[in-house]
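Here's the structure we're looking at; comments come further down.
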Amino acid sequence: MAPASVRAAQAQAQEPSPSPSADRRLSTLARHLLPSSPRRAAAAADTSATLESSPTMASQVASIFAGIAQAPEDPILGVTVAFNKDPSPLKVNLGVGAYRTEEGKPLVLNVVRRAEQMLINDPSRFKEYLPITGLAEYNKLSAKLIFGADSPAIQENRVVTVQCLSGTGSLRVGGEFLARHYHERTIYIPVPTWGNHPKVFTLAGLTAMSYRYYDPATRGLDFNGLMEDLSSAPLGSIVLLHACAHNPTGVDPTIDQWEQIRQLMRSKSLLPFFDSAYQGFASGSLDKDAQPVRMFVADGGELLMAQSYAKNMGLYGERVGALSIVCGSADVAVRVESQLKLVIRPMYSSPPLHGSSVVATILRDSEMFNEWTVELKAMADRIISMREQLFDALKSRGTPGDWSHIIKQIGMFTFTGLNSEQVAFMRQEYHIYMTSDGRISMAGLNTKNLPHLADAIHAAVTKLK
């Protein structure tokens, strides 16, 4: 008996055709479904037999990608991959750069949940594309947050801000803009720095050079080395500066040192490119953490600023960031914005709507803004408390060495000073996971796992010097 689909086609073909065009369509369908002649049936059978007896194309031809080598795991994200594979109930992940509660859980701020609910309840909300530059209100509020509402640069319309894909996207857009339109293609990056910095800027078309920043001997700032290296940089070079809570060291210049850095950079026409991933998250004060940036804006000079709301609003997965460029005049800012659009359009066309709407909802409302600052300070204070408790725990154990850098450093990360051998020992024997350079995320600590970490550090530095 013929298949049901064939019988249906036959039945339809026998019914009176409502029109010549419908008749032609049914006739075509019947020809495809029914062998019209013994010859066609035989040809179909031969083809079927050939396909069944022949090996597949995949087995005949090697993949065009067969020569691609297995890429190494990202040194930071790879820590979490290894952590997840470890069955030990004692395991502790101190590699992830994301806030955790005292219970070791991810945190969604209450004010963020409120803002999201407000957006959901708003029937006028839409899901249309944003403009290339993003949500206009979000851009204005972000510039005010980092530069200050009374910033002369904002009042004089010398600031252009575009919404980008978190901090990484802001750096990439800024890097590509500079590669196209700035006369100097070299950017100086501190050593050490966030592992993504050199990759982002190199792929953007810039040449990454380094300047001294961290002194392993003191586990603090190598200020003299920093100043010497920037003094030797060619006129007009770009310099990447961590606005606060330097990643990975947690070591920041003092305000007096920032002023010396500013004077040196302006005297050599070095272009500042700030990366601000932790405003308010470092000290607990939005204004204090923005002070170094505002010093550079106050002198009337130009600069670039990459912002992220991943840490200070906990919007990690929303990819909410902004790139601001402080220009010499308002008319220059207009032209700069036009060229930023040409960078963004072929890269990701336009940014996401949801995260920027959440941020704008919070920043525009004074009551919600105040609630955010309270929650932000609570996160910062918990991290500061973890620093103090870890320092006290190591001191009480008589752990060899000076561990005061733990309470002197600031922000999410601590550069412990542990070497790669000690890090490997702690992973193997104590199931504690961190990057091989000894960086730990203080946000991953709590009162339950902190004693375990202190025991591990004590054992590592005692047995492996």
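The values are calculated or read from the model by the stated rules, or taken from the named source; none is laboratory data. Model, not experiment: these values are computed from the prediction. Cβ: placed from backbone, ideal geometry, glycine included. Neighbour counts: every protein chain shown. The protein model used for the area step is the full one, side chains on, heavy atoms only, and it has no ligands, DNA or RNA in it. Shrake-Rupley method; radii C 1.70, N 1.55, O 1.52, S 1.80 Å.
Show the residue pairs meeting these rules: Cβ distance below 6 Å; 6+ apart or different chains; first residue within region 324-343 and among the acidic types (D, E); second residue buried (at least 20 other Cβ atoms within 10 Å of the Cβ).
E337/V160
Could you tell me whether any residue of region 57-68 is touching a residue at least 24 places away in the same chain (Cβ under 8 Å) and either surrounded by fewer than 17 Cβ atoms within 10 Å (Cβ to Cβ) or over 23 Å from E375 (Cβ atoms) (or both)?
For region 57-68, residues touching a residue at least 24 places away in the same chain (Cβ under 8 Å) and either surrounded by fewer than 17 Cβ atoms within 10 Å (Cβ to Cβ) or over 23 Å from E375 (Cβ atoms) (or both): absent.
Any residue in region 120-145 that is under 19 Å from Q339 (Cβ atoms) and outside any helix (DSSP H, G or I) sitting within a Cβ distance under 8 Å of a residue that is of a type in the set (D, E, K, R) and open to solvent by 70 Å² or more (accessible area, probe 1.4 Å)? List the pairs, counting only those 6 or more apart or interchain.
Close Cβ pairs (under 8 Å, with a partner that is of a type in the set (D, E, K, R) and open to solvent by 70 Å² or more (accessible area, probe 1.4 Å)) amount to I132/K341; I132/R345; T133/K341.
Go through (1) in contact (Cβ under 8 Å) with a residue 24 or more places away in the chain; (2) more than 25 Å from I384 (Cβ to Cβ); (3) in a helix (DSSP H, G or I) and name the single condition I154 misses.
Failing condition for I154: (1).
Do we find that A115 is of a type outside the set (S, T, N, Q) and not in a loop (DSSP other than H, G, I, E, B) in this structure?
Criteria met by A115.
I need every pair where a residue in region 161-177 that is within 11 Å of D275 (Cα to Cα) has its Cβ under 6 Å from the Cβ of a residue that is assigned to a helix (DSSP H, G or I), sequence separation at least 6 or different chains.
L171/V200
Hey, does region 187-206 have a residue that's outside any loop (DSSP other than H, G, I, E, B), surrounded by fewer than 16 Cβ atoms within 10 Å (Cβ to Cβ), more than 21 Å from the chain's Cα centre (by Cα) and modelled with pLDDT of 95 or more?
Among the residues of region 187-206, not one is outside any loop (DSSP other than H, G, I, E, B), surrounded by fewer than 16 Cβ atoms within 10 Å (Cβ to Cβ), more than 21 Å from the chain's Cα centre (by Cα) and modelled with pLDDT of 95 or more, which makes the answer no.
It is to be established whether one or more residues within region 427-442 are modelled with pLDDT under 95, surrounded by fewer than 18 Cβ atoms within 10 Å (Cβ to Cβ) and basic (K, R).
No, region 427-442 contains no residue that is modelled with pLDDT under 95, surrounded by fewer than 18 Cβ atoms within 10 Å (Cβ to Cβ) and basic (K, R).
Surrounded by fewer than 16 Cβ atoms within 10 Å (Cβ to Cβ) and within 15 Å of G104 (Cβ to Cβ): is that true of P451 in this structure?
On the way: surrounded by fewer than 16 Cβ atoms within 10 Å (Cβ to Cβ): yes; within 15 Å of G104 (Cβ to Cβ): yes.
For P451, the condition - surrounded by fewer than 16 Cβ atoms within 10 Å (Cβ to Cβ) and within 15 Å of G104 (Cβ to Cβ) - is met.
Checking L119 against (1) modelled with pLDDT of 95 or more; (2) open to solvent by 50 Å² or more (accessible area, probe 1.4 Å), only one condition comes out false. Which one?
(2)
For region 207-218, what are the residues that are touching a residue at least 40 places away in the same chain (Cβ under 8 Å) and open to solvent by less than 60 Å² (accessible area, probe 1.4 Å)?
Hit for region 207-218 is Y214, nothing else.
For region 407-458, name all the residues that are touching a residue at least 40 places away in the same chain (Cβ under 8 Å) and of a type in the set (V, I, T).
I410, T414, T416, I432, T435, I440, T447, I457
List the helices (runs of 4 or more DSSP H) that sit entirely inside region 284-378 and contain at least 1 residues that are open to solvent by less than 10 Å² (accessible area, probe 1.4 Å) and farther than 21 Å from P272 by Cα.
Values: elements: 286-298, 330-344, 354-364.
Qualifying helices (runs of 4 or more DSSP H): 330-344, 354-364.
For region 219-238, indicate whether the set of residues that are touching a helix residue (DSSP H, G or I) at 6+ places or on another chain (Cβ under 8 Å), open to solvent by 20 Å² or more (accessible area, probe 1.4 Å) and part of a loop (DSSP other than H, G, I, E, B) is non-empty.
For region 219-238, residues touching a helix residue (DSSP H, G or I) at 6+ places or on another chain (Cβ under 8 Å), open to solvent by 20 Å² or more (accessible area, probe 1.4 Å) and part of a loop (DSSP other than H, G, I, E, B): present.
Quick one: which of A62, A82, A69 is at pLDDT 50 or above and within 30 Å of Y430 (Cβ to Cβ)?
Selected residue: A82, the only one of A62, A82, A69 that is at pLDDT 50 or above and within 30 Å of Y430 (Cβ to Cβ).
So which residues in region 327-341 are farther than 14 Å from S170 by Cβ and touching a Phe, Trp or Tyr at 6+ places or on another chain (Cβ under 9 Å)? Spell out how you get there, then give the answer.
Step one: list which residues in region 327-341 are farther than 14 Å from S170 by Cβ, which gives 327-339, 341.
Matches in region 327-341: V336, Q339.
Would you pick out the residues in region 69-94 that are outside any loop (DSSP other than H, G, I, E, B) and within 23 Å of the chain's Cα centre (by Cα)?
L77, G78, V79, T80, V81, A82, F83, N84, V92, N93
Please state which one of S349, S404 is hydroxyl-bearing (S, T, Y) and on the phi > 0 side of the Ramachandran plot.
Result: S349 is the single residue among S349, S404 that is hydroxyl-bearing (S, T, Y) and on the phi > 0 side of the Ramachandran plot.
Against the condition hydroxyl-bearing (S, T, Y), modelled with pLDDT under 95 and open to solvent by 10 Å² or more (accessible area, probe 1.4 Å), how does S420 come out, does it pass?
For S420, the condition - hydroxyl-bearing (S, T, Y), modelled with pLDDT under 95 and open to solvent by 10 Å² or more (accessible area, probe 1.4 Å) - is met.
Those residues that are free of Cβ contacts under 8 Å to residues at least 24 places away in the same chain and open to solvent by less than 40 Å² (accessible area, probe 1.4 Å), I need them from region 392-404; list them, please.
Residues satisfying the conditions are W403, S404.
Does T414 qualify as being of a type in the set (V, I, T), at pLDDT below 95 and either surrounded by 14 or more Cβ atoms within 10 Å (Cβ to Cβ) or within 22 Å of D252 (Cα to Cα) (or both)?
Taking the combined requirement at face value, the residue satisfies it.
Would you check which residues across region 223-247 are among the small types (G, A, S) and either in contact (Cβ under 8 Å) with a residue 24 or more places away in the chain or over 14 Å from L264 (Cα atoms) (or both) and list them?
Within region 223-247, S231, A233, G236, S237, A243, A245 qualify.
With V162, V251 as the choices, which residue is open to solvent by less than 20 Å² (accessible area, probe 1.4 Å) and closer than 28 Å to K341 by Cβ?
None of the others qualify; the one that does is V162.
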